[in-house]
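Q: Structure in structure tokens, see below.
The values are calculated or read from the model by the stated rules, or taken from the named source; none is laboratory data. Predicted, not measured: the structure shown is a model, and the values here were computed from it. In this analysis, Cβ positions are derived from the backbone assuming ideal geometry, glycine residues included, and neighbour counts consider all displayed protein chains. In case anyone asks, the SASA skips ligands and DNA or RNA and just uses the protein heavy atoms, side chains included. Shrake-Rupley method; radii C 1.70, N 1.55, O 1.52, S 1.80 Å.
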Amino acid sequence: MTELTDATKTPGSLDPSGFEDLFSRVVDGDQVDFVRPLEDSGRLVWVAYDSGNPLGTLTGSVDAEGVSWRLSTTHEHHRILDDAVRALRRPASWPRERAQVARWARPTPASPAARRPPPI
């Protein structure tokens, strides 16, 4: 398995079609292994493994804006592979907790923040 480092290839800036079927990369101090499933060898799809546990599936693509990594479970797009891995590492409770925080952070009509005019 090849280790994909910033010195060899920068995942955020290179075309993922040049990536091998098996490669590894250290993200936030932990090694992540990427495996392209045999049935998807013609597509730019990899399963990410963290310490042997599957994190999820990523699809790489290149468009007019550059490289994009799409998470198969949430359909989120990330421009940098490391950010996509961080999103895959989120706990299952993350969407619910994020919604709770958004509701909590929303100003109430009686709060001073709700009465302030928007900045110009």
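Q: Just to be sure I understand, how many residues within the stretch 40-98 are within 13 Å of residue 19 (Cβ to Cβ), open to solvent by less than 50 Å² (accessible area, probe 1.4 Å) and either in contact with a Cys (Cβ under 9 Å, 6 or more places away or on another chain) or assigned to a loop (DSSP other than H, G, I, E, B) (or both)?
A: 1
Q: Within the stretch 26-43, which residues are farther than 15 Å from residue 69 by Cα and either modelled with pLDDT under 90 or basic (Lys, Arg) (or both)?
A: Residues satisfying the conditions are 37, 38, 39, 40, 41, 42.
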